[in-house]
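Report on one structure; see the data block that follows.
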Amino acid sequence: MKKKIVILGSTGSIGKQALDVVSNLSDSFEVVGLAVMRNIAELQEQINIYKPKVVVVYDKVKADILKSRIPSNIRVLSGMEGLIEIATMEECEIVVNSVVGSIGLLPTLSAIRCGKTIALANKETLVVGGSLIMEEARKNNVKILPVDSEHSAIFQCLQGESSKNISKIILTASGGPFREWDKESLINAKFHEALKHPNWDMGRKISIDSSTLMNKGLEVIEAKWLFDVDLDKIEVIIHPQSIIHSMVEFVDGSIIAQLGAPDMRLPIQYSLAYPERITGDNTKLNLKELSRLDFMQPDTEKFPCLQLAYEALRIGGTMPCVINGANEVLVEKYLAEEIKFYDIPKYIEKAMKAHKSFQYNTIEEVLEVDKWVREWLKTEI
Ligand SMILES: NC(=O)C1=CN([C@@H]2O[C@H](COP(=O)(O)OP(=O)(O)OC[C@H]3O[C@@H](n4cnc5c(N)ncnc54)[C@H](OP(=O)(O)O)[C@@H]3O)[C@@H](O)[C@H]2O)C=CC1
Ligand SMILES: CC(=O)[C@@H](O)[C@H](O)COP(=O)(O)O
Ligand SMILES: [Mn+2]
C-alpha cells in the first residue's frame with residue numbers, strides 16, 4: 001500500500017525535494033494534495049506530474065486563475081481554511097509541512113487533531129507553539145517526525161535509546177556564509193552575500209537565518225520540544241563542513257553522531273519511510289574524500305541572535321513566539337534592504353524587552369502574540 005501524502009509548500013526548496021523523493025519512490029508514496037502561497041505556474045507543472053486530488057493556493061486571486069487552467073475534477077482551495085482542509089483531508093496519512101514561517105502552526109495543529117502523521121520541516125511551528133503542538137500530539141497519539149537535518153540526525157541517534165539516558169544534545173551549525181567575517185564588515189553585509197550558504201541550497205528566509213545564526217537559535221527551541229530536554233542540555237557547536245548533522249551524548253559519555261552528505265532528500269525520505277529505511281536516490285557520502293571535520297565554539301558576540309534565542313527559551317511561555325515573529329518581519333526587511341544586518345538582533349532584543357511573557361494554553365493566545373509583535377515593530381522601525 002502506498003502512503004498518501006499532502007505537501008504544504010510544494011514549490012519551495014523542501015517541497016520540491018520532497019516531490020523528488022516521491023518520484024524516486026513512487027511504489028511507496030502517492031501525493032494526494034499540494035499547497036503553495038502563489039506560485040501557480042510551478043504548481044500547475046506539479047499537478048500535471050503528480051495528479052493530486054486537492055490543491056491550495058493561499059492567495060485567492062491566484063487560486064481563481066489556477067482554477068480556470070486545470071481539470072475541474074481537481075479541487076482548488078485558498079486561504080487558511082484551504083490549508084486546514086487539505087491538512088485534514090481524509091485520504092491523507094502524512095502531512096509534510098514545508099511552508100515557511102508561523103503560518104504553518106494552525107494547519108499542523110489541525111492535522112494533529114485529525115490523527116495525521118506530521119513530517120515537520122517548518123521549525124517555526126514548534127518555536128511559536130511547541131508546548132501546545134507536543135501536548136496535542138501526545139493526546140492524539142500522533143508522530144511528529146523531524147525533517148530539519150539536525151533534528152532528523154538526533155532522532156536517528158536516539159532510535160533504540162531511552163531519552164532518560166541523554167546527557168547532552170549537540171546541534172551542529174555550519175556557521176553560515178559570514179563565519180569568517182569580522183564584526184566591522186558584518187555591519188554592512190548585503191542580503192545577497194547572506195544568501196550564499198556554504199553547504200546548503202535553501203529558501204531565502206532560512207538562508208538569512210543561517211547567516212545570523214538565528215536558524216540555530218530556532219533549532220535549539222525546536223530540539224527542546226521534539227526531544228523534551230532541558231535548555232542546559234542543548235549545546236551548539238560550529239562544524240563548517242555540515243557532514244555531522246548532529247550528535248547525542250549519553251550519560252555514560254558515549255557520543256552517537258549521524259553523518260551524511262548535505263542533501264535534504266535523505267532526512268525527508270527518512271521521515272516519510274519511518275520506521276523503515278529504504279533504498280533511495282540520495283547523494284552518498286564518500287568518507288575517503290573528507291580531509292577533515294572541524295569543530296569550534298560559536299561566536300555569540302558576532303552573532304547575538306543565538307544567545308537571544310537561548311534567552312527566549314529560558315524565559316519560556318510566549319517569548320519564543322515573540323522572537324520568531326520579530327525575526328520573520330526583520331528578515332523580510334533585510335531582504336528588501338530596509339534595515340541592516342545588526343538591526344535584526346537589535347529589534348528582536350527590543351521586542352523581547354517590550355513583551356511580558358506568559359504561559360499560553362490556546363492557539364488563539366499564540367496567534368495574538370504573533371500579531372502583536374508584528375504590529376509593534378511597525379511603530380518601532
Ligand atoms: N530549505 C531547507 O533546506 C530547509 C528548510 N527548513 C525549513 O523548512 C521550511 C521551508 O523552507 P524552504 O523550503 O527553504 O522555504 P522556501 O521559501 O523555499 O519555500 C516556502 C514554501 O512555502 C510556500 N508558502 C509560503 N507561505 C505559504 C502559505 N501561506 N500557504 C501555502 N504555502 C505557503 C511557498 O509557496 P510559493 O512558492 O507560492 O511562495 C513555498 O512553496 C522553513 O520553515 C525552513 O526553516 C528546514 C531545514 C532545511
Ligand atoms: C539543512 C538544514 O537543516 C538547515 O537548517 C541547515 O542546517 C542550515 O545550516 P546552518 O547550520 O548554517 O544553520
Ligand atoms: Mn537545520
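May I ask you to verify whether residue 233 is among the charged types (D, E, K, R) and either surrounded by fewer than 20 Cβ atoms within 10 Å (Cβ to Cβ) or in the same structural domain as residue 313 (by TED's automatic domain parsing) (or both)?
Working: among the charged types (D, E, K, R): yes; either surrounded by fewer than 20 Cβ atoms within 10 Å (Cβ to Cβ) or in the same structural domain as residue 313 (by TED's automatic domain parsing) (or both): yes.
Criteria met by residue 233.
List every residue pair whose Cβ atoms sit under 7 Å apart, with the two residues 6 or more apart in sequence or on different chains, where the first one lies in region 205-226 and is at positive phi and the second, anywhere, is more than 12 Å from ligand 3 (Cβ to nearest atom).
Short answer, once both residue conditions are applied: 213/298; 213/303; 213/305; 213/306.
Might you let me know whether region 204-224 holds any residue that is part of a loop (DSSP other than H, G, I, E, B), among the small types (Gly, Ala, Ser) and closer than 19 Å to residue 333 by Cβ?
The initial filter retains those residues of region 204-224 that are part of a loop (DSSP other than H, G, I, E, B), namely 213.
From what's left, among the small types (Gly, Ala, Ser): none.
The answer is no; no qualifying residue exists.
Residue under question is residue 206, and the condition is that it be within 14 Å of the chain's Cα centre (by Cα), buried (at least 24 other Cβ atoms within 10 Å of the Cβ), within 15 Å of ligand 2 (Cβ to nearest atom) and of a type in the set (A, V, I, L, M); does it hold? Walk me through it before giving the result.
Working: within 14 Å of the chain's Cα centre (by Cα): yes; buried (at least 24 other Cβ atoms within 10 Å of the Cβ): no; within 15 Å of ligand 2 (Cβ to nearest atom): yes; of a type in the set (A, V, I, L, M): yes.
No; evaluated as a whole, the condition is false for this residue.
Check off (1) more than 13 Å from ligand 1 (Cβ to nearest atom); (2) surrounded by fewer than 22 Cβ atoms within 10 Å (Cβ to Cβ); (3) not basic (Lys, Arg) for residue 170 and give me the number that stays unchecked.
Status for residue 170: all satisfied but (2).
Go through (1) at pLDDT below 95; (2) in contact with a helix residue (DSSP H, G or I) (Cβ under 9 Å, 6 or more places away or on another chain) and name the single condition residue 1 misses.
The number of the failed condition is (2).
State all residues of region 315-346 that are more than 22 Å from residue 192 (Cβ to Cβ), touching a helix residue (DSSP H, G or I) at 6+ places or on another chain (Cβ under 6 Å) and either touching a residue at least 60 places away in the same chain (Cβ under 8 Å) or part of a helix (DSSP H, G or I) (or both); if no residue qualifies, say none. Let's see the steps before the verdict.
Start the filter on region 315-346 by keeping residues that are more than 22 Å from residue 192 (Cβ to Cβ), which leaves 315-326.
Add one more test, that the residue is touching a helix residue (DSSP H, G or I) at 6+ places or on another chain (Cβ under 6 Å), and what stays is 318-326.
Scanning region 315-346 gives 319, 320, 321, 322, 323, 324, 325, 326.
I'm told residue 237 meets every condition in (1) in a helix (DSSP H, G or I); (2) closer than 21 Å to residue 307 by Cβ except one. Can you identify the failing condition by its number?
(1)
Could you tell me whether any residue of region 247-256 is buried (at least 18 other Cβ atoms within 10 Å of the Cβ), aliphatic (A, V, I, L, M), in contact with a strand residue (DSSP E or B) (Cβ under 6 Å, 6 or more places away or on another chain) and within 24 Å of residue 309 (Cβ to Cβ)?
yes
Of the residues 268, 243, 255, which single one is within 16 Å of ligand 3 (Cβ to nearest atom), of a type outside the set (Ser, Thr, Tyr) and closer than 24 Å to residue 179 by Cβ?
Values: 268 fails: closer than 24 Å to residue 179 by Cβ; 255 fails: within 16 Å of ligand 3 (Cβ to nearest atom).
Sole residue among the options that is within 16 Å of ligand 3 (Cβ to nearest atom), of a type outside the set (Ser, Thr, Tyr) and closer than 24 Å to residue 179 by Cβ: 243.
Here's a check for you: in region 94-134, which residue that is over 19 Å from residue 17 (Cα atoms) and charged (D, E, K, R) is farthest from ligand 3 (Cβ to nearest atom)?
Ranking the qualifying residues of region 94-134, first place goes to 113.
Across region 266-291, what is the total count of residues that are in contact (Cβ under 8 Å) with a residue 40 or more places away in the chain and closer than 30 Å to residue 185 by Cβ?
Counting residues in region 266-291 that are in contact (Cβ under 8 Å) with a residue 40 or more places away in the chain and closer than 30 Å to residue 185 by Cβ gives 1.
The values are calculated or read from the model by the stated rules, or taken from the named source; none is laboratory data. Quantities reported herein were computed from a predicted structural model and do not represent experimental measurements. Positions of Cβ are generated from backbone atoms using ideal geometry, with glycine treated the same way; all protein chains shown enter the neighbour counts.
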